[in-house]
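The values are calculated or read from the model by the stated rules, or taken from the named source; none is laboratory data. On a predicted model such as this, the values are computed, not experimentally measured, just so you know. Neighbour counts run over all protein chains shown; Cβ positions are idealised from the backbone, glycine included. Each accessible area value is taken on the protein alone, full model and side chains, heavy atoms only, with ligands, DNA and RNA left out. Shrake-Rupley method; radii C 1.70, N 1.55, O 1.52, S 1.80 Å.
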Amino acid sequence: MTTAATLHENSLLTTASAAAHDAPERPLPEGWLAVESLDIDAQGIARRPDGKVVFIEGALPFEQVSVNVHRKKNNWEAGVVTAVHRESSQRVRPGCPNFGLHAGACGGCKMQHLHESAQVAVKQRVLEDNLWHLGKVRAETMLRPIEGPAWGYRFRARLSVRHVHKKGEVLIGFHERKSRYVADMKVCPVLPPHVSGMLMPLRELIFGMDARETCPQIELACGDEVTALVLRHLEPLGEDDISRLRAFAQQHGVQWWLQSKGPETVRLLDAEGPLLSYALPEFGITMPFKPTDFTQVNPAINRVLVTRALRLLDAKKNERVIDWFCGLGNFTLPIATTAGEVLGIEGSEALVTRSRENLALNLAGRGAALAPTAFAARNLFEMTPGLLVSDGPAQKWLVDPPREGAFALAKALAELHQNPAQRGGWTPPQRIVYVSCNPATLARDAGLLVHQAGYRCVAAGVVNMFAHTAHVESMAVFELDPARLPGEDAVPGQA
């Protein structure tokens, strides 16, 4: 099985290869390089006269630059831009003082120097290149990108905490670019404004605590009405520190959670308090969650994402739908407003329990307005044809895996396509909507679905969930092609 890391490296090289193929030949002064595109890590891609690819931090497409190379391999080099001789029309002034290539620069964002619309275009190109070069798949239609707020959108974050003795202060923020050190951040424009404005007070709070040396992390989780902060502490907190946390919570309107060890130890500091939750108002759904549960970083984009996914899925009242990697039920419960029956399947028993609780809460407010809905725990990275058949047929699938993708699921579906005798009365889904946070693993799985499982990729597009970062969220739609017979469409090497 090809790993996500290997696919990531291959995607860099195939994107570079595509850019080199498309680039016009033009003479340049010695030492200058012409940048042709950006890779998935927001590095400019250029090539030397002998065809060797050069990845350049800080360079943008169509610029002519000089570069300081710090890493060399047989067929590629990597470096940092030292001078921009011809600037891109899409280069903009970064919106954050912590962004850049300077010493101590924050590593949280990689694209603030590129206009927001150009960022989306780059991500669309990354998706298309990955689909073709890794999966040999071209979508019949490219969906319009989903865009939303580019600033103040990050409702989830993991902030490192470090007491720096030489500076006589505590730093709280993301790591410096390519470093384990914490960036000296006084503001962060991608965080909600009220959280960005809290960074300096948080630094003062931790510095004044007795446990300043043993609190390495604060995890942020914002709901629609509640801002939760999870303090990781390596030693028990004293009463004075607890009092300081309570005073801060009252002053800044936040909810403290404490984490002494693993995620299972997370607990609310004070039991009384409002529920951490977000709403999907178009579907009349409310989703309570705990601050360490997985939820989408950008709630505005998530609402649009769910709406588009359900429109593309087009579940009918007479259809059964399976939501694979269902998590808290972010897609499952909205699907239950339109489908006839829904099954949500997730690898984590804890998340399955939470999704059942969310179902019960929403049923209490809606009566019989939701379709019959069930949840089950499965290890989806060890899916087999037999297990797939045991979960029963469904006319539609929604697939929303983590970065590793849904290889085992796609492979099991391909095996059932090629070996109809294993199916019994089971039938494959007519339509699959695949939501992805990694274009490389999406492309790998798309190759299996199209070349070995009898599907067409009818649409694909990007979702700019993480503005200013190189993270590419995307979705693709697959339709079962009745004209393709089992066993006639396999492509060697795709499994």
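Overview of results
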read-out	value
In order through the stretch 213-222: 3J(HN,Hα) via Karplus (6.51 cos²θ - 1.76 cosθ + 1.60), integer Hz, x for Gly, Pro	7, 10, 10, x, 7, 10, 9, 9, 9, 9
Heavy-atom accessible area ranking, 1.4 Å probe, most first, across R403, R177, R320	R403, R177, R320
Lys, Arg +1 and Asp, Glu -1 on Cβ, resulting dipole of the stretch 67-164 about Cα centre, debye, nearest 20	320
With every protein chain in place, the stretch 117-166: carbon and sulfur % of accessible area (1.4 Å)	49
Residue-normalised accessible area of the chain, given per residue in Å² at a 1.4 Å probe	43
Interchain or long-range residues, amide H under 5 Å from G344's placed H	D323, A374, F375, A376
Within the accessible area of the stretch 228-278 (1.4 Å probe), percent carbon and sulfur	50
Carbon plus sulfur fraction of accessible area for the stretch 335-400, probe 1.4 Å, in percent	57
Pairs from K123/K186; K261/K290; K52/K73; K110/K178; K73/K136 whose Cα-Cα separation, in the structure shown, is over 21 Å	K123/K186; K73/K136
